[in-house]
Amino acid sequence: MKLNDEQAKVVEERTGLQPIPEDNPAMSQLKENFGDHTFYVDDQGLYVLEATEAESEKDDPEAAQAVQIASWTDENKTALQAHEPQATDAQFKLKRDEE
């Protein structure tokens, strides 16, 4: 799923992770291989967010789950190996709580 700026900011605030910038040289290859998503990386690999089951039919989902789509191939984290998507336990509300 492609996050809008507000949703990406909420994920960053809650996790500390920043999305891979659109101008990153790898972005065209990521989109070609995985589709148009907002991509995140951490020490384990590459992730996208997918709407949770209950929210998938809404145009503006309120919750999403992190799905790992590739893992680092070496300790230096220089290359990723794609694999079957693996849902993680990480779920996020994509809207700020009303104050």
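The values are calculated or read from the model by the stated rules, or taken from the named source; none is laboratory data. Note that the coordinates shown come from a computational prediction; the quantities given were computed from them, not determined experimentally. Note that each Cβ is placed from the backbone with ideal geometry, even for glycine, and that neighbours are counted across all protein chains shown.
Details
- The set of residues in region 1-20 that are among the β-branched types (Val, Ile, Thr) and farther than 12 Å from PHE92 by Cα contains only ILE20.
- Picking from residues in region 9-27 that are out of contact with any strand residue (DSSP E or B) (no Cβ under 9 Å at 6 or more places or on another chain) and in a helix (DSSP H, G or I), the one that is surrounded by the fewest Cβ atoms within 10 Å (Cβ to Cβ) is GLU13.
- Residues in region 7-24 that are under 11 Å from the mean Cα position of the chain (by Cα) and hydrophobic (A, V, I, L, M, F, W, C): ALA8, VAL11, LEU17, ILE20.
- Taking region 1-27 as the range and being under 20 Å from LYS77 (Cβ atoms) and either in contact with a helix residue (DSSP H, G or I) (Cβ under 8 Å, 6 or more places away or on another chain) or modelled with pLDDT of 90 or more (or both) as the test, the residues that pass are LEU17, GLN18, PRO19, ILE20, PRO21, ASN24, PRO25, ALA26, MET27.
- Every pair of residues 6+ apart whose Cβ atoms lie under 6 Å, when the first sits in region 15-39 and is under 15 Å from LEU49 (Cα atoms) while the second is part of a helix (DSSP H, G or I) and not hydroxyl-bearing (Ser, Thr, Tyr): GLN18/GLU12; PRO19/ALA8; THR38/ALA8; PHE39/LEU30
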